């Protein structure tokens, strides 16, 4: 099934997985509160996909991004063990999403060094867009736009659902030491979750670099550059809701608004009390699969049983206990759906 390769890529992306670093809560302590209920909802999706004879290609279209799919598969593998789901069911669920990942990724499926979401033909079409020549000032401004948008995503979706909205794609080799990197933000205005005044729903920053290397891991926003991305930026394009914006002053105004909103939204998130935070988290987890649920005719919103499962409960602080001396082996067994190792 290739799940071992996926596991290795995720372990590399997440490092030693310090369970206390995600704010204002961690998926490791939150998801076990409603793991059984979540898996039941996912199994209903799979059942309906089979009944309606939906093609894998159609299903894959209704999952936002490749990095998002990787992270959701990772979360599911943990849920399958914390909920003590039997082996046959574990393998079926894991196989379903792993097959979608293999279909959706155009290369480097597990995201070991890159995040390839476009074919060569699609890259050629992108390059026909109205790219603008870059300057050092513009490169710094785009860097601030990216950072502000990423922080806004943290406030909208917490630290562990950022994969739904923020994704880096590339590097795409353009020849002559040039690469294309695409930085995309999906759903910056999720009105079904928050009252928000974000200036756009979708934001995409296209960057053509010269003499610069871009690398990322399975999460895609864990990225790094070799070379100077300021001096090395040769051309760029910003799209707002799919429409090119070539006026640099207008881009600056969008950046300024998102910077302010990012601070405001983070305060909204962290100022919620424990019960509000858990309830919001359940809605978030369902929302990021909204398109998939609606494809098979399901209500995306959490069922009352799911909300009841988290109500009044403390976070599951002791469910995962990796030994400090051998965390890697512990997580490999936990994430392997064929292994009868649960905690």
Completion exercise
Scanning region 215-240 for residues that are out of contact with any strand residue (DSSP E or B) (no Cβ under 8 Å at 6 or more places or on another chain) and more than 30 Å from residue 3 (Cα to Cα), the one surrounded by the most Cβ atoms within 10 Å (Cβ to Cβ) turns out to be 230
Exercise for the section: Within region 304-311, identify whether any single residue is outside the structural domain of residue 152 (by TED's automatic domain parsing), over 30 Å from residue 52 (Cβ atoms) and not in a helix (DSSP H, G or I), and answer yes or no. Expected result: yes
Exercise for the section: Check off (1) farther than 23 Å from residue 163 by Cβ; (2) under 24 Å from the mean Cα position of the chain (by Cα); (3) outside the structural domain of residue 50 (by TED's automatic domain parsing) for residue 259 and give me the number that stays unchecked. Expected result: (1)
Practice task
Kindly provide the set of residues from region 317-343 that are in contact (Cβ under 8 Å) with a residue 40 or more places away in the chain, more than 12 Å from residue 4 (Cβ to Cβ) and in a loop (DSSP other than H, G, I, E, B), ordered by number.
Solution key: 317, 319, 320, 322, 340, 341, 342, 343
Fill in the blank from the handout: Among strands (runs of 3 or more DSSP E) completely within region 153-246, the ones holding 1 or more residues that are over 23 Å from the mean Cα position of the chain (by Cα), under 22 Å from residue 259 (Cα atoms) and touching a residue at least 24 places away in the same chain (Cβ under 8 Å) are 233-240, 243-245
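Quick check, is residue 159 closer than 20 Å to residue 292 by Cβ and either in contact with a helix residue (DSSP H, G or I) (Cβ under 8 Å, 6 or more places away or on another chain) or surrounded by fewer than 20 Cβ atoms within 10 Å (Cβ to Cβ) (or both)?
Details: closer than 20 Å to residue 292 by Cβ: no; either in contact with a helix residue (DSSP H, G or I) (Cβ under 8 Å, 6 or more places away or on another chain) or surrounded by fewer than 20 Cβ atoms within 10 Å (Cβ to Cβ) (or both): yes.
Spelling it out, it is not the case that residue 159 is closer than 20 Å to residue 292 by Cβ and either in contact with a helix residue (DSSP H, G or I) (Cβ under 8 Å, 6 or more places away or on another chain) or surrounded by fewer than 20 Cβ atoms within 10 Å (Cβ to Cβ) (or both).
Matching residues to (1) more than 18 Å from residue 320 (Cα to Cα); (2) in contact with a helix residue (DSSP H, G or I) (Cβ under 8 Å, 6 or more places away or on another chain):
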{"position": "58", "(1), (2)": "yes, yes"}
{"position": "61", "(1), (2)": "yes, no"}
{"position": "67", "(1), (2)": "yes, yes"}
{"position": "74", "(1), (2)": "no, yes"}
{"position": "82", "(1), (2)": "no, yes"}
{"position": "86", "(1), (2)": "yes, no"}
{"position": "91", "(1), (2)": "yes, no"}
{"position": "94", "(1), (2)": "yes, yes"}
Handout entry: Selection from region 319-337 of residues that are exposed (fewer than 13 other Cβ atoms within 10 Å of the Cβ) and in contact with a helix residue (DSSP H, G or I) (Cβ under 9 Å, 6 or more places away or on another chain)
Key = 321, 323
Fill in the blank from the handout: Sole miss for residue 301 among (1) surrounded by 13 or more Cβ atoms within 10 Å (Cβ to Cβ); (2) part of a loop (DSSP other than H, G, I, E, B); (3) within 25 Å of the chain's Cα centre (by Cα); (4) touching a residue at least 40 places away in the same chain (Cβ under 8 Å) is condition (4)
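The values are calculated or read from the model by the stated rules, or taken from the named source; none is laboratory data. If you're wondering where the values come from, they're calculated on a predicted model, not measured in any experiment. Neighbour counts run over all protein chains shown; Cβ positions are idealised from the backbone, glycine included.
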